[in-house]
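The values are calculated or read from the model by the stated rules, or taken from the named source; none is laboratory data. These numbers were taken from a predicted model, which means no experiment stands behind them. Reconstructed Cβ throughout: ideal geometry from the backbone, glycine too, with neighbour counts over all protein chains shown. Surface areas here come from the heavy atoms of the whole protein model, side chains and all, with no ligands, DNA or RNA. Shrake-Rupley method; radii C 1.70, N 1.55, O 1.52, S 1.80 Å.
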Amino acid sequence: MSFSEQAAKLGYSGIAITDRNTFAGIVRAHAAAKRSGIKLIPACRLDLLDGPSLLAYPTSRRAYERLSSLLTVGNFRAEKGECFLYKKDVYEYKEDSKFIVVDAVDKLDEYKDVFGQDLYIAATRRYDGDDAKLLHRISRSGIKMVATNDVHYHHPSRRELQDVVTCVREKCTIYDAGYRLHPNAERYLKSKEEMTRLFMKYPDAITTTKEIAEACQFSLDQLKYVYPKEVTPLGLSPHQYLTDLAWKGAHEMYGEILPDKIKASIKHELSFMEQMDYAQYFLTVYDIVRFARSQGILCQGRGSAAIQRCVIVSVLHP
């Protein structure tokens, strides 16, 4: 059973995924959440080199784009598999996102000043004997408390697998992992009733989770591939330009009078490309082939389903 399936079973309407310094896996999580009938909130954990970690929740598509750009900045600074980020980076890309500071209570004045009402603080029961004291300190921090659970697996039975994964990451054995492993099996997805019980003294911490979830209206369903714009003659759309080139190429190949079969084929293919919005793609192919032939470079089209389907390319480039 997956996270989303367990969440749906427990009655959750949505969950957020916050992997460390990456959106990796977010597409698979989105697909799994859709199958389970719940909302996925795309998010990530930002582990900073000069400040407490932050959970970042984009509320809009533009905010998701900014966080993606932020992660790209961190990836360019580091070797593959690492991401180096600083507070100033987050401040630059913070607009329209909600942030939850984790594993910190003190010295958060700078975060308060920068993030304002978009800043929250995570409250998690860790069962280490200091929970009551920690929750009290968090409630006095002046930042809205959010009930979190630091979930690493969906069911307690998966704790052993989590330990193995930790050992793989840390390149150690289960026998010498020591404090690199979590001290208990409480980092599983708990029911809403259990979370309410755990935070009965701080009910606003539960309410605030709903506040953040409702603010996060971005979904991966809003994304679509945007093909780079091709340069076309003034006043012509990409499809109009492609149409002109197609008929010009046809006449160069077959002469002034075109066979009825060729005319029907070109009209059919042009109609299909207009429907699928493929014009800019074929204009790119046209530019590549035209350049290659002007330089005496052998040019062969193979492998593209679009090229195999469309007679236009051969008409454009006899």
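Those residues that are of a type in the set (A, V, I, L, M, F, W, C), open to solvent by 50 Å² or more (accessible area, probe 1.4 Å) and farther than 26 Å from residue 70 by Cβ, I need them from the stretch 1-24; list them, please.
1, the sole residue that qualifies.
In the list 57, 12, 64, which residue meets the criterion of being within 18 Å of residue 148 (Cβ to Cβ), aromatic (Phe, Trp, Tyr) and at pLDDT 95 or above?
Criteria check complete, one pass: 57.
Every residue in the stretch 237-263 that is among the aliphatic types (A, V, I, L, M) and either open to solvent by less than 60 Å² (accessible area, probe 1.4 Å) or touching a helix residue (DSSP H, G or I) at 6+ places or on another chain (Cβ under 8 Å) (or both), please. Full working, then the answer.
Of the stretch 237-263, the ones among the aliphatic types (A, V, I, L, M) are 242, 245-246, 250, 253, 257-258, 262.
Across the stretch 237-263, the qualifying residues are 242, 245, 246, 250, 253, 258, 262.
I'd like to check something: does the stretch 131-145 contain any residue that is out of contact with any Lys or Arg (no Cβ under 6 Å at 6 or more places or on another chain) and assigned to a strand (DSSP E or B)?
Scanning the stretch 131-145, I find at least one residue that is out of contact with any Lys or Arg (no Cβ under 6 Å at 6 or more places or on another chain) and assigned to a strand (DSSP E or B), so the answer is yes.
Answer yes or no: is there a residue in the stretch 175-182 that is open to solvent by 50 Å² or more (accessible area, probe 1.4 Å), of a type in the set (Lys, Arg) and under 22 Å from residue 122 (Cβ atoms).
yes
Looking for whichever is part of a helix (DSSP H, G or I), open to solvent by 70 Å² or more (accessible area, probe 1.4 Å) and not small (Gly, Ala, Ser) here; the options are 106, 89, 128, 113. Which one fits?
Unique residue meeting the criteria: 113.
Evaluate the stretch 159-167: report whether one residue or more is modelled with pLDDT of 90 or more, assigned to a helix (DSSP H, G or I) and open to solvent by 90 Å² or more (accessible area, probe 1.4 Å).
Within the stretch 159-167, one or more residues are modelled with pLDDT of 90 or more, assigned to a helix (DSSP H, G or I) and open to solvent by 90 Å² or more (accessible area, probe 1.4 Å).
Return the pairs, sorted by first residue and then second, in which the second residue is among the small types (Gly, Ala, Ser) and assigned to a helix (DSSP H, G or I), the first residue lies in the stretch 24-43 and is without any contact (Cβ under 8 Å) to a residue 12 or more places away in the chain, the beta carbons are less than 9 Å apart, and the residues are 6+ apart or on different chains.
From the stretch 24-43, the pairs are 34/4.
So the check is Cβ under 6 Å with 6+ separation or different chains; which pairs have a first residue in the stretch 247-273 that's in a helix (DSSP H, G or I) and a second one that's of a type in the set (S, T, N, Q)?
270/243
Looking at the structure I just gave you, is residue 246 small (Gly, Ala, Ser), at pLDDT 90 or above and either more than 23 Å from residue 226 (Cβ to Cβ) or more than 39 Å from the chain's Cα centre (by Cα) (or both)?
yes
Of (1) under 26 Å from residue 136 (Cβ atoms); (2) part of a loop (DSSP other than H, G, I, E, B); (3) touching a strand residue (DSSP E or B) at 6+ places or on another chain (Cβ under 9 Å), residue 218 satisfies all except one. Which?
(1)
What do you reckon, is residue 281 part of a helix (DSSP H, G or I), of a type in the set (Phe, Trp, Tyr) and in contact with a Leu (Cβ under 7 Å, 6 or more places away or on another chain)?
no
Counting just the residues of the stretch 212-236 that are open to solvent by 40 Å² or more (accessible area, probe 1.4 Å) and among the aliphatic types (A, V, I, L, M), which one comes out nearest to residue 17 (Cα to Cα)?
223
Taking only pairs six or more apart or across chains, which ones have beta-carbon atoms under 8 Å, a first residue in the stretch 87-111 that is small (Gly, Ala, Ser), and a second residue that is in a helix (DSSP H, G or I) and surrounded by 13 or more Cβ atoms within 10 Å (Cβ to Cβ)?
97/63; 97/66; 97/67; 97/118
Filter the stretch 191-210 for residues that are touching a residue at least 60 places away in the same chain (Cβ under 8 Å) and closer than 20 Å to residue 100 by Cβ and give the result.
Hits for the stretch 191-210 are 192, 198, 199, 201, 202, 204, 205, 208, 209.
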